[in-house]
Amino acid sequence: MIQIVGKSSGVSNLLSVDSSGRVVVKDADNITQTTAINTKLSAIDAVLDNSLVQQTACATDLAALEVLQTSTNAVLSTIETSNAAIKTAVEGTLSVSAPAISTTSTVLENATSVVDSATETTPSVDVGAVRRVAFFGSLDDGSAVIKVEVSADNSTFYENTEQAIYLSSDNFFRTIDIDARYVRLKYTNSSGAAKTWTAIASYKA
């Protein structure tokens, strides 16, 4: 025990440390005056304890961050490796080319003579998925109307009343929008004399 002896109003004072490590101050009347000191010491102990807890938490967080950083580095390394592999795989292999376009032409009538009051129907054309067909040729009946017929099965044909070919001279040309697979032309001669016509169908695919 450490003692500091002094005088206050003629009375000896005693300063000591008890078995719990606390500072005890007693006066001549043996009145303990340590309450305030012990309270402050307890507060200091609490602060120190809290500081230790926070240090432990920080250490745990730092360890978790190190693990996360290690995992992140591994993922980034994998991504870089994948990007390098992709670049190697496609580098120099990409090429762009325009699609090939072919033109198909079919002679439907070749200088065919059509007698007066007769109807001439051309062979049908299978246009597949084509949606525009050009018809052109010649017919020495300047007032004639050439009708367009369409079919889904190449058996039953229906007249396309919206897209007939009206002649104003011996030559004709007309681009027709087609929404069926098969198409053909039909001409009825009502001129009073035999007429000759040539008809060609052409489309691009």
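Convex hull of alpha carbon positions in the stretch 103-204: directionally averaged projected area 5.8 nm². Taking amide H positions as modeled 1.01 Å from N, with prolines and chain starts lacking one, the residues under 5 Å from Val114 and 5 or more places away or on another chain are Lys195, Thr196, Trp197.
Comparing Cα centroids, the stretch 155-205 and the stretch 51-85 end up 77 angstrom apart. Electrostatic bookkeeping for Ala180 treats Lys and Arg as +1 and Asp and Glu as -1; over the other residues with beta carbon under 14 Å from its beta carbon, the sum is -3.
Taking Lys and Arg as +1 and Asp and Glu as -1, the other residues whose beta-carbon sits under 13 Å from that of Thr198 total -4. Close amide H partners of Asn171, meaning residues 5 or more places away or on another chain with modelled amide H under 5 Å apart, are Leu139.
FYI, it's all coordinate maths here, none of it is from the lab. Quick caveat: nothing in here was measured; it's all calculated off a predicted structure. Note that we place each Cβ from the backbone using ideal geometry, even for glycine, and neighbour counts take in every protein chain shown.
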